[in-house]
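The values are calculated or read from the model by the stated rules, or taken from the named source; none is laboratory data. Worth saying up front: this structure is predicted, and the values here are computed from it rather than measured. In this analysis, Cβ positions are derived from the backbone assuming ideal geometry, glycine residues included, and neighbour counts consider all displayed protein chains.
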Amino acid sequence: MRSWIFKGLFLLLLCAAVFGSAGWFGYQLLVKPYQLPPEEQAGGKPSPPPDPSLPDFEKAMKVRDARQPVATREAMERFIETYPFSTKLAEARKALGEANTDIFFSAIPAPSKVRYEIHSGDNLDKIKRKFKTSDEIIMRCNNLEDPRRLRIGQVLWVSQPDFTVIIDRKAHTVLLLDKGKFFKEYKAASWNIPVPKRGAANTPIEAKVSKKLAWANGSPVAFPAKEYAGSARWVELNARGYALYTEGAQKPSSGIGMQPEDMEEISTLLTKGVPVTIR
(Lines give C-alpha, C1' and ligand atoms only; values in the text may rest on other atoms or scores of the structure.)
Protein backbone atom coordinates (compact mmCIF):
# COMPACT_ATOMS: atom_id res chain seq x y z
CA MET A 1 0.00 0.00 0.00
CA ARG A 2 2.77 2.36 0.96
CA SER A 3 4.63 1.63 -2.27
CA TRP A 4 1.61 2.74 -4.27
CA ILE A 5 1.43 5.93 -2.24
CA PHE A 6 5.11 6.65 -2.87
CA LYS A 7 4.69 5.92 -6.57
CA GLY A 8 1.72 8.32 -6.74
CA LEU A 9 3.64 11.10 -5.01
CA PHE A 10 6.59 10.54 -7.32
CA LEU A 11 4.37 10.84 -10.40
CA LEU A 12 2.80 14.06 -9.07
CA LEU A 13 6.21 15.58 -8.42
CA LEU A 14 7.43 14.52 -11.87
CA CYS A 15 4.37 16.12 -13.56
CA ALA A 16 4.84 19.31 -11.57
CA ALA A 17 8.49 19.47 -12.59
CA VAL A 18 7.74 18.87 -16.27
CA PHE A 19 4.74 21.17 -16.63
CA GLY A 20 6.24 23.77 -14.32
CA SER A 21 9.35 24.00 -16.51
CA ALA A 22 7.20 24.26 -19.63
CA GLY A 23 5.17 27.06 -18.04
CA TRP A 24 8.29 28.94 -17.02
CA PHE A 25 9.78 28.69 -20.50
CA GLY A 26 6.44 29.72 -22.01
CA TYR A 27 6.33 32.79 -19.79
CA GLN A 28 9.88 33.74 -20.74
CA LEU A 29 9.19 33.33 -24.46
CA LEU A 30 5.65 34.63 -24.84
CA VAL A 31 4.67 36.76 -21.86
CA LYS A 32 7.72 38.46 -20.38
CA PRO A 33 8.55 41.74 -22.20
CA TYR A 34 11.60 41.51 -24.42
CA GLN A 35 14.72 43.19 -23.12
CA LEU A 36 17.86 43.95 -25.05
CA PRO A 37 21.00 42.14 -23.93
CA PRO A 38 23.08 44.15 -21.40
CA GLU A 39 25.76 44.93 -23.99
CA GLU A 40 23.10 46.42 -26.35
CA GLN A 41 21.35 48.28 -23.51
CA ALA A 42 24.59 50.08 -22.68
CA GLY A 43 24.77 51.51 -26.17
CA GLY A 44 21.34 53.22 -25.98
CA LYS A 45 18.80 53.25 -28.79
CA PRO A 46 19.89 51.86 -32.15
CA SER A 47 20.99 54.50 -34.63
CA PRO A 48 18.54 55.39 -37.40
CA PRO A 49 19.48 54.30 -40.92
CA PRO A 50 21.65 56.77 -42.85
CA ASP A 51 19.84 59.42 -44.90
CA PRO A 52 20.49 58.67 -48.61
CA SER A 53 19.85 62.32 -49.50
CA LEU A 54 22.88 63.69 -47.64
CA PRO A 55 25.40 63.52 -50.52
CA ASP A 56 23.05 65.42 -52.86
CA PHE A 57 22.26 67.95 -50.13
CA GLU A 58 25.96 68.64 -49.65
CA LYS A 59 26.34 69.19 -53.40
CA ALA A 60 23.41 71.64 -53.40
CA MET A 61 24.89 73.52 -50.44
CA LYS A 62 28.21 73.89 -52.28
CA VAL A 63 26.30 75.64 -55.07
CA ARG A 64 24.75 77.96 -52.49
CA ASP A 65 28.13 78.66 -50.89
CA ALA A 66 29.44 79.70 -54.32
CA ARG A 67 26.83 82.51 -54.22
CA GLN A 68 25.06 81.58 -57.42
CA PRO A 69 21.39 82.36 -56.65
CA VAL A 70 19.87 81.05 -59.91
CA ALA A 71 21.88 77.81 -59.77
CA THR A 72 21.08 77.50 -56.06
CA ARG A 73 17.36 77.82 -56.75
CA GLU A 74 17.54 75.09 -59.39
CA ALA A 75 19.60 72.81 -57.12
CA MET A 76 17.32 73.24 -54.12
CA GLU A 77 14.13 72.79 -56.14
CA ARG A 78 15.55 69.60 -57.62
CA PHE A 79 16.61 68.34 -54.16
CA ILE A 80 13.22 69.02 -52.56
CA GLU A 81 11.38 67.33 -55.42
CA THR A 82 13.67 64.29 -55.30
CA TYR A 83 13.82 63.91 -51.50
CA PRO A 84 10.51 65.12 -49.99
CA PHE A 85 11.21 63.18 -46.75
CA SER A 86 14.85 64.14 -46.30
CA THR A 87 16.10 65.07 -42.84
CA LYS A 88 17.53 68.18 -44.54
CA LEU A 89 14.21 69.30 -46.03
CA ALA A 90 13.79 72.31 -43.70
CA GLU A 91 17.34 73.52 -44.45
CA ALA A 92 16.78 73.08 -48.18
CA ARG A 93 13.53 75.08 -48.04
CA LYS A 94 15.31 77.86 -46.14
CA ALA A 95 18.12 77.98 -48.71
CA LEU A 96 15.56 78.00 -51.53
CA GLY A 97 13.68 80.90 -49.94
CA GLU A 98 16.88 82.92 -49.59
CA ALA A 99 17.81 82.22 -53.21
CA ASN A 100 14.36 83.28 -54.39
CA THR A 101 14.51 86.63 -52.59
CA ASP A 102 18.13 87.21 -53.67
CA ILE A 103 17.03 86.83 -57.28
CA PHE A 104 13.83 88.81 -56.84
CA PHE A 105 15.40 91.82 -55.11
CA SER A 106 18.21 92.31 -57.61
CA ALA A 107 18.86 93.01 -61.27
CA ILE A 108 20.01 89.42 -61.79
CA PRO A 109 18.61 88.10 -65.09
CA ALA A 110 16.37 85.10 -64.44
CA PRO A 111 13.71 83.09 -66.28
CA SER A 112 11.10 84.56 -63.92
CA LYS A 113 11.91 88.14 -65.01
CA VAL A 114 11.17 90.22 -68.08
CA ARG A 115 13.87 92.32 -69.70
CA TYR A 116 12.59 95.79 -70.53
CA GLU A 117 14.45 98.61 -72.25
CA ILE A 118 13.39 102.17 -71.48
CA HIS A 119 11.89 104.05 -74.45
CA SER A 120 11.09 107.71 -75.00
CA GLY A 121 8.03 108.73 -72.98
CA ASP A 122 8.39 105.92 -70.43
CA ASN A 123 7.94 106.56 -66.75
CA LEU A 124 7.70 104.28 -63.73
CA ASP A 125 3.93 104.49 -63.48
CA LYS A 126 3.53 103.44 -67.10
CA ILE A 127 5.95 100.52 -66.68
CA LYS A 128 4.33 99.20 -63.51
CA ARG A 129 0.89 99.25 -65.16
CA LYS A 130 2.28 97.50 -68.22
CA PHE A 131 3.70 94.64 -66.14
CA LYS A 132 1.05 94.70 -63.38
CA THR A 133 3.55 95.17 -60.59
CA SER A 134 4.45 97.97 -58.16
CA ASP A 135 6.83 100.88 -58.39
CA GLU A 136 8.43 99.73 -55.14
CA ILE A 137 9.26 96.32 -56.63
CA ILE A 138 10.70 97.83 -59.84
CA MET A 139 12.85 100.34 -57.97
CA ARG A 140 14.16 97.90 -55.38
CA CYS A 141 14.86 95.13 -57.89
CA ASN A 142 16.81 97.51 -60.16
CA ASN A 143 18.49 99.58 -57.44
CA LEU A 144 16.79 102.80 -58.59
CA GLU A 145 17.04 105.76 -56.21
CA ASP A 146 14.97 108.29 -58.16
CA PRO A 147 12.11 107.18 -60.46
CA ARG A 148 12.45 110.45 -62.39
CA ARG A 149 15.94 109.58 -63.61
CA LEU A 150 15.14 106.85 -66.10
CA ARG A 151 17.33 106.95 -69.22
CA ILE A 152 16.39 105.94 -72.74
CA GLY A 153 18.10 102.62 -73.44
CA GLN A 154 18.37 101.73 -69.75
CA VAL A 155 17.56 98.06 -69.11
CA LEU A 156 15.27 97.00 -66.29
CA TRP A 157 14.60 93.46 -65.11
CA VAL A 158 10.98 93.28 -64.05
CA SER A 159 9.58 90.48 -61.90
CA GLN A 160 5.99 89.46 -62.53
CA PRO A 161 5.06 87.40 -59.48
CA ASP A 162 1.70 85.77 -58.86
CA PHE A 163 1.80 85.42 -55.09
CA THR A 164 -0.58 83.60 -52.81
CA VAL A 165 -0.17 83.39 -49.03
CA ILE A 166 -0.85 80.56 -46.59
CA ILE A 167 -1.00 81.43 -42.88
CA ASP A 168 -0.67 78.31 -40.73
CA ARG A 169 -2.40 78.72 -37.36
CA LYS A 170 -0.73 75.62 -35.89
CA ALA A 171 2.83 76.12 -37.12
CA HIS A 172 2.68 79.95 -36.74
CA THR A 173 4.19 80.43 -40.18
CA VAL A 174 3.53 82.62 -43.20
CA LEU A 175 4.19 80.83 -46.49
CA LEU A 176 4.51 82.62 -49.83
CA LEU A 177 3.84 80.74 -53.06
CA ASP A 178 4.62 82.17 -56.49
CA LYS A 179 2.48 80.68 -59.26
CA GLY A 180 1.69 77.85 -56.87
CA LYS A 181 5.35 77.00 -56.13
CA PHE A 182 7.23 77.48 -52.88
CA PHE A 183 8.80 80.94 -52.68
CA LYS A 184 9.67 81.52 -49.02
CA GLU A 185 8.42 80.67 -45.54
CA TYR A 186 8.57 83.04 -42.56
CA LYS A 187 8.27 82.17 -38.86
CA ALA A 188 6.11 84.50 -36.79
CA ALA A 189 7.74 86.40 -33.93
CA SER A 190 4.45 86.81 -32.03
CA TRP A 191 0.91 85.54 -32.47
CA ASN A 192 -2.22 87.39 -31.40
CA ILE A 193 -5.13 86.50 -33.67
CA PRO A 194 -8.81 85.82 -32.97
CA VAL A 195 -9.59 82.43 -31.42
CA PRO A 196 -11.68 80.40 -33.89
CA LYS A 197 -15.23 79.62 -32.85
CA ARG A 198 -15.98 76.12 -31.62
CA GLY A 199 -15.93 73.69 -34.52
CA ALA A 200 -14.21 76.17 -36.84
CA ALA A 201 -10.61 75.63 -35.75
CA ASN A 202 -9.88 73.40 -38.75
CA THR A 203 -11.93 75.39 -41.25
CA PRO A 204 -9.76 77.45 -43.64
CA ILE A 205 -10.48 81.17 -43.99
CA GLU A 206 -10.17 82.66 -47.47
CA ALA A 207 -9.09 86.31 -47.45
CA LYS A 208 -7.16 88.93 -49.43
CA VAL A 209 -4.65 91.69 -48.75
CA SER A 210 -6.85 94.74 -48.26
CA LYS A 211 -4.39 97.47 -47.25
CA LYS A 212 -0.69 98.23 -46.83
CA LEU A 213 0.56 100.84 -44.35
CA ALA A 214 3.92 102.16 -43.20
CA TRP A 215 4.61 104.10 -40.01
CA ALA A 216 7.53 106.31 -38.99
CA ASN A 217 7.57 108.20 -35.69
CA GLY A 218 3.89 107.41 -35.19
CA SER A 219 2.81 108.92 -38.52
CA PRO A 220 1.92 107.17 -41.78
CA VAL A 221 4.48 107.43 -44.60
CA ALA A 222 4.29 106.41 -48.23
CA PHE A 223 6.82 105.04 -50.70
CA PRO A 224 9.20 106.53 -51.87
CA ALA A 225 9.51 109.10 -49.03
CA LYS A 226 12.85 109.11 -47.21
CA GLU A 227 11.11 108.09 -43.98
CA TYR A 228 9.80 104.95 -45.68
CA ALA A 229 13.15 103.18 -45.35
CA GLY A 230 13.19 101.46 -41.97
CA SER A 231 9.53 102.22 -41.29
CA ALA A 232 7.20 99.83 -39.48
CA ARG A 233 5.00 97.95 -41.94
CA TRP A 234 1.46 96.64 -41.77
CA VAL A 235 -0.27 94.33 -44.23
CA GLU A 236 -3.94 94.15 -43.35
CA LEU A 237 -6.31 91.42 -44.52
CA ASN A 238 -10.04 91.60 -45.09
CA ALA A 239 -10.46 88.86 -42.45
CA ARG A 240 -11.32 90.55 -39.17
CA GLY A 241 -8.44 90.66 -36.69
CA TYR A 242 -5.82 89.48 -39.15
CA ALA A 243 -2.83 91.63 -40.07
CA LEU A 244 0.91 91.20 -40.45
CA TYR A 245 3.06 93.83 -38.76
CA THR A 246 6.62 94.68 -37.74
CA GLU A 247 7.38 93.22 -34.32
CA GLY A 248 8.55 95.74 -31.74
CA ALA A 249 6.99 98.76 -33.44
CA GLN A 250 3.57 100.32 -33.71
CA LYS A 251 1.09 97.49 -34.07
CA PRO A 252 -2.62 96.87 -34.65
CA SER A 253 -4.96 95.60 -31.94
CA SER A 254 -4.49 92.02 -33.13
CA GLY A 255 -2.36 90.29 -35.70
CA ILE A 256 0.85 88.43 -36.40
CA GLY A 257 4.18 90.03 -35.52
CA MET A 258 7.09 89.42 -37.89
CA GLN A 259 10.79 90.16 -37.58
CA PRO A 260 11.59 93.61 -39.10
CA GLU A 261 13.63 92.26 -42.02
CA ASP A 262 10.95 89.64 -42.78
CA MET A 263 8.14 92.18 -42.61
CA GLU A 264 9.99 94.55 -44.93
CA GLU A 265 10.24 91.76 -47.51
CA ILE A 266 6.63 90.68 -47.10
CA SER A 267 5.34 94.24 -47.36
CA THR A 268 7.31 94.82 -50.55
CA LEU A 269 6.34 91.51 -52.16
CA LEU A 270 2.61 91.63 -51.47
CA THR A 271 0.19 93.95 -53.19
CA LYS A 272 -3.47 94.72 -52.62
CA GLY A 273 -5.72 91.85 -53.65
CA VAL A 274 -3.21 89.01 -53.13
CA PRO A 275 -5.17 85.88 -52.02
CA VAL A 276 -4.56 84.59 -48.48
CA THR A 277 -5.61 81.25 -47.00
CA ILE A 278 -5.67 80.99 -43.19
CA ARG A 279 -5.69 77.37 -42.12
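Numerical summary
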quantity	calculated
The lone exception for residue 191 - which of (1) loosely packed, with under 15 Cβ neighbours inside 10 Å; (2) free of Cβ contacts under 8 Å to residues at least 12 places away in the same chain it fails	(2)
Among the candidates 118, 138, 80, residue that is among the β-branched types (Val, Ile, Thr), buried (at least 17 other Cβ atoms within 10 Å of the Cβ) and in contact (Cβ under 8 Å) with a residue 24 or more places away in the chain	80
Residue ID - farthest from residue 241 (Cα to Cα), chosen from residues in the range 159-199 that are of a type in the set (Gly, Ala, Ser) and in a loop (DSSP other than H, G, I, E, B)	180
Any hit, the range 27-50, residues being at pLDDT 80 or above and not in a helix (DSSP H, G or I)	yes
Among residues of the range 79-103, those that are in a helix (DSSP H, G or I) and under 13 Å from residue 182 (Cβ atoms), counted	15
Flag if residue 148 is surrounded by fewer than 12 Cβ atoms within 10 Å (Cβ to Cβ) and of a type outside the set (Val, Ile, Thr)	yes
Residue that is at pLDDT 90 or above, outside the structural domain of residue 256 (by TED's automatic domain parsing), on the phi > 0 side of the Ramachandran plot and touching an Asp or Glu at 6+ places or on another chain (Cβ under 9 Å), where the choices are 97, 153, 121	153
Residues that are assigned to a strand (DSSP E or B) and either loosely packed, with under 12 Cβ neighbours inside 10 Å or of a type in the set (A, V, I, L, M, F, W, C) (or both), drawn from the range 221-245	232, 234, 235, 237, 243, 244
